[in-house]
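Quick notes on the structure that follows.
The values are calculated or read from the model by the stated rules, or taken from the named source; none is laboratory data. Quick caveat, the model's predicted, so the values are computed rather than measured. As a convention, Cβ positions derive from the backbone with ideal geometry for all residues, glycine included, and neighbour counts pool all protein chains shown. Each accessible area value is taken on the protein alone, full model and side chains, heavy atoms only, with ligands, DNA and RNA left out. Shrake-Rupley method; radii C 1.70, N 1.55, O 1.52, S 1.80 Å.
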There are 2 protein chains.
Amino acid sequence: MEIIGQESHDKVGFLARMWWWIMGLLNKFKGKLIGVTSKTKKLGKDDPRRIIHSVKMGLALSLISLVYYFRPIYDSFGVSTMWAVLTVVVVFEFTVGATLGKGFNRGMATFLAGALGVGAHHLASLAGEQGEPIVIGFFVFLLASAASFSRFYPEIKARYDYGVLIFILTFSLVSVSGYRVEKIVQLAHQRLSTIILGSLTCVFISIFVCPVWAGEELHNQIAVNLEKIADFLEGFGGEYFQTELSNGESALDTKDEKLFLERYKSVLNSKTAEENLANFAQWEPCHGHFRYQHPWKQYLKTGGLIRQCAYRVEALNSYIKSEIQAPPEFKKKIQDACIKMSSESAKALSELASAIRTMTQPCTANVHIANSRIAANSLKTTLKTALPMDTDLLQIISAVTVTALLVEIVSCAENIAESVHELARLAKFKHPKEQIVVIENPRIVHLVTIKPLSDMNCPQVVIKIDESSPTLVENTILSKPLEKSVH
Amino acid sequence: MEIIGQESHDKVGFLARMWWWIMGLLNKFKGKLIGVTSKTKKLGKDDPRRIIHSVKMGLALSLISLVYYFRPIYDSFGVSTMWAVLTVVVVFEFTVGATLGKGFNRGMATFLAGALGVGAHHLASLAGEQGEPIVIGFFVFLLASAASFSRFYPEIKARYDYGVLIFILTFSLVSVSGYRVEKIVQLAHQRLSTIILGSLTCVFISIFVCPVWAGEELHNQIAVNLEKIADFLEGFGGEYFQTELSNGESALDTKDEKLFLERYKSVLNSKTAEENLANFAQWEPCHGHFRYQHPWKQYLKTGGLIRQCAYRVEALNSYIKSEIQAPPEFKKKIQDACIKMSSESAKALSELASAIRTMTQPCTANVHIANSRIAANSLKTTLKTALPMDTDLLQIISAVTVTALLVEIVSCAENIAESVHELARLAKFKHPKEQIVVIENPRIVHLVTIKPLSDMNCPQVVIKIDESSPTLVENTILSKPLEKSVH
């Protein structure tokens, strides 16, 4: 009895363990599923164009598959029909430019390599049945080696990498397979036709169904990067000096808000993505506000300058929570100028970003640049007298570094502004409507050089002098644009 | 007479112009040819493995072409033989890891998608002749969309991007073409066999003919990046203070030598390349000193810290030729400590680089880190008293910023050293033979914490105290390692 009881007890125990094991497995699976689902949702939410792209890919493939079911097409192409499907899968890319580039590369390379392959095949056939494989092998070796090496040239790598690959592929296939199949020219022709058919399907869907233009992407990317740097600079003053900002808001204190101070980090590694987009953009036809020969290189130049600024911001960021904080009275002395420098630079960068977004001349940005330059100069005046007799340098070293880095950032912002102006000129950005800009502290305007507004193609800018400050505008650099611009 | 003379004169003039035009064209062509030749030479000279890679590619293609000429193989595979050639062209990559990854992805995806395609084809055939195209079209749309979306997951993008592409390709080809070709299973089998044949050819040549390992490449890349930063820091002191260096060499003055100060710039944008190499390295089998599960992630972490350091160096670089130079007497006060900080950090980074290169424990690097930390602390002491009464802060702001950035760089070097130590531990770097390290200025050793040498698995390190300095080693932190390490 006891043994039977023991046995049934064991059985129950085993079943219970099995039950728990299965439940555990199910739970684990459920957890995994929830994880994947939430990740998928996030991916789709972050950029809904990803979902659209996937659907477009499915559509393009289903469309090209129809070719198999149309007897006239299938009968004329035969097995080569599959090249159409193959082309759609490999050519269809996220952006129009990438799709066009790949389609062009594939078509052109197939044509060139096909012609060369037929030539090589003809030459080899002159060498007799014995010599033919050797001659063809030699040709394949020579062309494949040379073409592979050409992929190391940066210019070829950037625009024609895929073309060279397809060139090697087609040349090998045509010249080698020619040994067996007599109808080589017909095959080459069929392949080219189906590849063109596939490429055209991709290009058509890519352009006419919710297109994603690489050029627009690059354009927006530059604006977004400017905004990220601006976000940091906007928040930096309040964060470093832990003060109430001028508009009464307190310094950022929740975790979510502080994330804005980290957003610039993605700018640091933006080079590769920008270069790829610029390469793709060069394949694109005119679209929206972008002409065929839009100055994409100027975007890369601007992007490089933004990264320069981001490196300074990265260095600055490590001082927000510095161990050694300067004495409060010293900090107080430099506070206004520092906050001004960073917030005015932020405003300038924001203006430049919105000018890029709206494709208008960035007229008002220079005024903010001038304001930040004014703050930098007033800081210099402060620094000459700021040092209390008994301060040791060690205590103020981090505060001094912060100011020096901010001055550097003001220079960076100036360079960026110049580059965006050049971009606006090259890309013929439109003129904005009436804009009002306020120059503060006109007393020290004479210390800085403001780029004359007349140069900026901004005929309707009204410059208001802040009445609260004594209006001792000295008749120096500003006088000319002031006279000219008030309408 | 005159007319005839005029005519012959015109003819001569025309011929002369033609002659000059042709000569000009030839010269232009010659110039272009010389340009391309010199560029080719440079590409080959910069990395001779490029030439080897190209020859390997030619070899692999010629080898696989032989399949066409072996009647037994060609007879059993038929037209499918071309998939072998196609596979070689697209799978053969510069590094072993990339080739292996692509080969694995291609083989695996073909197998999975082939099986699924046959299944889909079977299911669709149940729907009758009318329903089949619709069902298959639906399947293709669904799978292509889902698979395309999966390419946006970073994990899949990094390792299986090519596999997903081939999955879509094969599934479409098999399920669609099945409508016409009855021998679908045989085709799928032939395709898989030829793809495996092609992949194996690539992998074989890639591994056994002058292999380029992605892992080794990443390993060297990290060492090279460390050396680039070290080069800058080594040269910085002399360049900024424009002094004779301690070893009697004058500051860098020729253009060629100054290029060393620019080499670090490539480190700023090294992230993408490093991540790619780490992805490829994960596919590689053990080779040389690298085990199968070598800690590649730790390389990425170290690379990130090196970039952090490079951002500081970039900020520092702009001060070499600052407009406002500090008064000579102030510069002189901070000079020794600054040069020490930068040169000792440089030595530490060099030691770390050579430890990585030789795969030995980086025992002596920490001593240089300690030296640079000592210099930083002594600088702090100097700064407390350095300020002459009549100095205005504006004049010394750039010099102060340089010192602050150097202190930051010392911290960065410390982080890098820690990360390399972790790497050495994870990758089980070997122990070095007897090493002699010199601790200078032992008087202030007590100010800093030196990581006990006993932790570093360096049983045979001899620490020499610089006899020229008064040997007042205080019995603090160093005492333990000193006792333990002298053998």
_Looking at B:Leu123, B:Leu100, can you tell me which residue is in a helix (DSSP H, G or I) and under 30 Å from B:His219 (Cβ atoms)?_
B:Leu100
_Residue under question is B:Ser38, and the condition is that it be part of a helix (DSSP H, G or I), under 28 Å from A:Ile168 (Cβ atoms), touching a helix residue (DSSP H, G or I) at 6+ places or on another chain (Cβ under 6 Å) and of a type in the set (Gly, Ala, Ser); does it hold?_
no
*Specify which of the listed residues (A:Leu26, A:Leu63) is open to solvent by 50 Å² or more (accessible area, probe 1.4 Å) and assigned by TED's automatic domain parsing to the domain that holds A:Arg106.*
A:Leu63
*Check whether at least one residue in the stretch B:415-423 is within 14 Å of chain A (Cβ to nearest Cβ) and surrounded by fewer than 20 Cβ atoms within 10 Å (Cβ to Cβ), and report yes or no.*
yes
*asked:* One residue is enough: does the stretch B:35-58 have a residue meeting the conditions among the β-branched types (Val, Ile, Thr), away from chain A (no Cβ under 12 Å) and surrounded by 10 or more Cβ atoms within 10 Å (Cβ to Cβ)?
replied: yes
_Any chance A:Ala337 is crowded, with 17+ Cβ neighbours inside 10 Å and either modelled with pLDDT of 90 or more or within 23 Å of the chain's Cα centre (by Cα) (or both)_ = no
*How many residues does the stretch A:352-387 hold that are open to solvent by 10 Å² or more (accessible area, probe 1.4 Å), within 11 Å of chain B (Cβ to nearest Cβ) and not β-branched (Val, Ile, Thr)?*
4
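Okay, residues lined up against (1) at the interface with another protein chain (Cβ under 10 Å from one of its Cβ atoms); (2) within 42 Å of the chain's Cα centre (by Cα); (3) outside any loop (DSSP other than H, G, I, E, B); (4) surrounded by 20 or more Cβ atoms within 10 Å (Cβ to Cβ):
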site: B:Glu129; (1), (2), (3), (4): no, no, yes, no
site: B:Ile136; (1), (2), (3), (4): yes, no, yes, yes
site: B:Lys157; (1), (2), (3), (4): no, yes, yes, no
site: B:Gly163; (1), (2), (3), (4): no, yes, yes, yes
*Report yes if A:Gly163 is in contact with a strand residue (DSSP E or B) (Cβ under 8 Å, 6 or more places away or on another chain) and farther than 30 Å from A:Cys338 by Cβ, otherwise no.*
no
_Selection count, the stretch A:293-324, where residues are open to solvent by 40 Å² or more (accessible area, probe 1.4 Å), more than 20 Å from the chain's Cα centre (by Cα) and either closer than 16 Å to A:Arg425 by Cα or β-branched (Val, Ile, Thr) (or both)_ = 1
_Go through (1) open to solvent by 20 Å² or more (accessible area, probe 1.4 Å); (2) more than 10 Å from chain A (Cβ to nearest Cβ); (3) under 39 Å from the mean Cα position of the chain (by Cα) for B:Asn105 and report which single condition fails._
(1)
_Residue pairs meeting the criteria (Cβ under 8 Å; at least 6 apart or on separate chains; first in contact (Cβ under 8 Å) with a residue 40 or more places away in the chain, in the stretch A:142-159; second in a helix (DSSP H, G or I) and open to solvent by less than 30 Å² (accessible area, probe 1.4 Å))_ = A:Arg159/A:Gly101
